[in-house]
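Please read the structure below before turning to the comments.
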Amino acid sequence: MKTLIKNGKIITNSDSFEADILIENEQIVVIGKNLTPDIDTKIVDASGKYIFPGMVDEHTHIESPFGGTVTAPWQTESVAAAIGGTTTVVDFALQTKGESLMEGINRWKSRAEEQSAIDYGFHIAVTDLRKDTIDEIPKIVAEGVPTLKVFMAYKSDLMVDDQTLYQSLEAAKNVGALVLVHAENGAVIDLLQRKCLENGETAPYYHAVSRPIEVETEATARAIAIAEIVGAPLFIVHVSGEEPAQKIREAKAKGLPIYAETCPHYLFLTVDELKKPYFEGAKYVCSPPLREAKHQEALWNALQDGTLQAIGSDHCAFNFSGQKDLGREDFTKIPNGGNGIEHRFTLLYTQAVTTGKMSLNKLVDLLSTTPAKVNGLFPKKGTIAIGSDADLVLFDPNGKKTISYQTSHQGLDYDMYEGFELEGAISDVFLRGTQIVKGEKYVGKLGEGKFQKRTPYGLCYETINHVNKESQEV
Ligand code: URP
Ligand code: ZN
Ligand code: ZN
Ligand code: ZN
């Protein structure tokens, strides 16, 4: 069965043009003007619509144990992603202490295999780096997992020391894998949290007080320095404000292969949300914390000048009732994280494209193409090209909607963006040629998402390969 999408305007990270797209065997096979269908070809009319490549979300935590509870499952969150135009996620799998990396990956795989509406891959968070774990890294890369995650925060739980960061970078570099880092100084945060609690400061707002931007700036600089010593590339996740962004800008200016993302909540929400009464502030507790409004402008500038190259959702969804609740008496017990998997694309379109902050092409670059390149998914994912997977999003720029948790598809009893007005509406989503969303309704089958074997030596190795080549030439 072939599908022909006619009369839409194709938007990639570099071009915008009107053309038809012919899909066969899950892939894009022809792009051209006035294509004529065979008798057995299904025709989709995209007149008046933009056609984007499926969005790639490189930062999600689905069905993940965290802070003594578990985030919302694949069954709901992958459907919410699909409705929001995301056709691939790279989710964070966790290695439990004592376990191999592969055991962590397989645990995540078995859940996604049965339930995921969209394609998926995994980063593996290293929590216990032993000699055998280091030896395992080439094996997991060969299995299609070329990205590791290291937490410099969450002292009682996921945090690792600088030796582990160093050794992870070193082992990763040997096989073209990439280390992603959560950069906050966990030891200092732990002290500041205890000080707050000793003073009776237990409300959600003290989450932000105990994680000032300096702890993020320091850890960002330290991670960059360690990566420089190793000579490895590094990807810094969820950059929340001006000073850490400046450390990244300076590293790039030195020619270091440092890459980074921010997330929608840092662009659209501020620390004032944490002051909401009746414990409502808990809904906005995430790490790094939301910052003062001035940081938003710094983040927009950093996106503009290429300091930040991607926007991942950091979707880590806990219900208010029964989960965020765990911290009513003590903010350190509020599970960290918020939602973003569903609204990431349309929020950014509304707040950045319609306001003239960025072009449609830049939007595609930040939300799809660069995440695909960094994570070894390109050109299968992240673009509209012959031979690429037919992951396509049809978007009607005339649509309108107001966000409410009641109409959102995430399995959540609140929405951080409640009341936000959205411009434009996603009308159809195709996953490898199969229509999975039609008029805001999920029409696919759970479990049809496939594990993506990703390749090493992605975008972050571009300059390193170049340097290596030049030194060989000498
Ligand atoms: O608060 C957050 N971001 N929760 C998810 C885990 C992490 O640190 O990314
Ligand atoms: Zn994190
Ligand atoms: Zn995260
Ligand atoms: Zn619906």
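The values are calculated or read from the model by the stated rules, or taken from the named source; none is laboratory data. Bear in mind that the values here come from a model prediction, so they are computed numbers and not experimental data. Glycine gets a Cβ as well: all are built from the backbone with ideal geometry, and neighbour counts include every protein chain shown. Accessible surface areas use protein heavy atoms only, side chains included; no ligands, DNA or RNA. Shrake-Rupley method; radii C 1.70, N 1.55, O 1.52, S 1.80 Å.
Tabulated data for the structure shown
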| quantity | calculated |
| --- | --- |
| Subset tally (residues that are more than 19 Å from VAL29 (Cβ to Cβ) and either part of a helix (DSSP H, G or I) or of a type in the set (Ser, Thr, Tyr) (or both)) for the stretch 363-392 | 12 |
| Residues being part of a loop (DSSP other than H, G, I, E, B) and not aliphatic (A, V, I, L, M) - total across the stretch 393-408 | 5 |
| Lone unmet requirement of (1) open to solvent by 30 Å² or more (accessible area, probe 1.4 Å); (2) away from ligand 1 (no atom under 16 Å from the Cβ); (3) hydroxyl-bearing (Ser, Thr, Tyr) for TYR205 | (2) |
| So TYR166, is it outside any helix (DSSP H, G or I) and either away from ligand 4 (no atom under 16 Å from the Cβ) or in contact with a helix residue (DSSP H, G or I) (Cβ under 9 Å, 6 or more places away or on another chain) (or both) | no |
| Selected residue (criterion: nearest to ligand 1 (Cβ to nearest atom)) from residues of the stretch 287-346 that are under 17 Å from the mean Cα position of the chain (by Cα) and among the hydroxyl-bearing types (Ser, Thr, Tyr) | SER287 |
| Search result, residues across the stretch 206-241 that are touching a helix residue (DSSP H, G or I) at 6+ places or on another chain (Cβ under 6 Å) and part of a loop (DSSP other than H, G, I, E, B) | SER210, ARG211, ALA232, PRO233, VAL239, SER240, GLY241 |
| Hey, TYR457 in contact with a Phe, Trp or Tyr (Cβ under 7 Å, 6 or more places away or on another chain) and either open to solvent by 60 Å² or more (accessible area, probe 1.4 Å) or within 16 Å of ligand 1 (Cβ to nearest atom) (or both) or not | no |
| Boolean, LEU360 is surrounded by fewer than 24 Cβ atoms within 10 Å (Cβ to Cβ), under 17 Å from the mean Cα position of the chain (by Cα) and more than 16 Å from ligand 4 (Cβ to nearest atom) | no |
| The stretch 260-273: number of residues that are crowded, with 24+ Cβ neighbours inside 10 Å and either β-branched (Val, Ile, Thr) or away from ligand 2 (no atom under 16 Å from the Cβ) (or both) | 1 |
| Residues (buried (at least 24 other Cβ atoms within 10 Å of the Cβ) and away from ligand 2 (no atom under 16 Å from the Cβ)) located in the stretch 81-101 | ALA81, ALA82, GLY84, GLY85, THR86, THR87, THR88, LEU101 |
| Matching residues in the stretch 307-363 - criterion: being β-branched (Val, Ile, Thr) and in contact (Cβ under 8 Å) with a residue 12 or more places away in the chain | THR307, ILE311, THR332, ILE334, ILE341, THR346, THR350, THR354 |
| Strands (runs of 3 or more DSSP E) completely within the stretch 1-109 that count 2 or more residues being among the aromatic types (Phe, Trp, Tyr) | 50-53 |
| All positions within the stretch 47-64 that are farther than 19 Å from GLN27 by Cα, small (Gly, Ala, Ser) and more than 16 Å from ligand 2 (Cβ to nearest atom) | SER47, GLY48 |
| Cross-chain or 6+ apart pairs with Cβ under 8 Å, the stretch 150-164 first and away from ligand 2 (no atom under 12 Å from the Cβ), then at pLDDT 95 or above and open to solvent by 40 Å² or more (accessible area, probe 1.4 Å) | LYS155/ALA187; ASP162/ARG222 |
| Leading residue by the ranking (farthest from the chain's Cα centre (by Cα)) among those in the stretch 247-256 that are among the hydrophobic types (A, V, I, L, M, F, W, C) and surrounded by fewer than 23 Cβ atoms within 10 Å (Cβ to Cβ) | ALA253 |
| Qualifying residue in the stretch 51-64 (condition: modelled with pLDDT of 95 or more and open to solvent by 20 Å² or more (accessible area, probe 1.4 Å)) | yes |
| Matching entry among TYR206, TYR259 (being at pLDDT 95 or above, more than 23 Å from the chain's Cα centre (by Cα) and of a type in the set (Phe, Trp, Tyr)) | TYR206 |
| Filter result for the condition that a residue is touching a residue at least 24 places away in the same chain (Cβ under 8 Å), farther than 13 Å from SER100 by Cβ and β-branched (Val, Ile, Thr), over THR147, THR133 | THR147 |
| Exclusive hit being closer than 30 Å to VAL141 by Cα, more than 18 Å from the chain's Cα centre (by Cα), of a type in the set (A, V, I, L, M) and crowded, with 17+ Cβ neighbours inside 10 Å, set ILE403, ILE384 | ILE384 |
| Hits in the stretch 68-77 (condition: crowded, with 20+ Cβ neighbours inside 10 Å and touching a helix residue (DSSP H, G or I) at 6+ places or on another chain (Cβ under 7 Å)) | TRP74 |
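Residues are listed down the side, and each one gets a yes or a no for (1) at pLDDT 95 or above; (2) under 21 Å from CYS316 (Cβ atoms); (3) buried (at least 21 other Cβ atoms within 10 Å of the Cβ):
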position: VAL181; (1), (2), (3): yes, yes, yes
position: ILE189; (1), (2), (3): yes, yes, yes
position: GLU228; (1), (2), (3): yes, no, no
position: ALA232; (1), (2), (3): yes, no, yes
position: ALA245; (1), (2), (3): yes, no, yes
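Here's the yes/no breakdown for (1) within 16 Å of ligand 3 (Cβ to nearest atom); (2) open to solvent by less than 10 Å² (accessible area, probe 1.4 Å); (3) farther than 21 Å from VAL70 by Cα:
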| site | (1), (2), (3) |
| --- | --- |
| GLU103 | no, no, no |
| GLU114 | no, no, no |
| ILE124 | yes, yes, no |
| PRO138 | no, no, yes |
| GLN163 | no, no, yes |
| SER168 | no, yes, yes |
| VAL175 | no, no, yes |
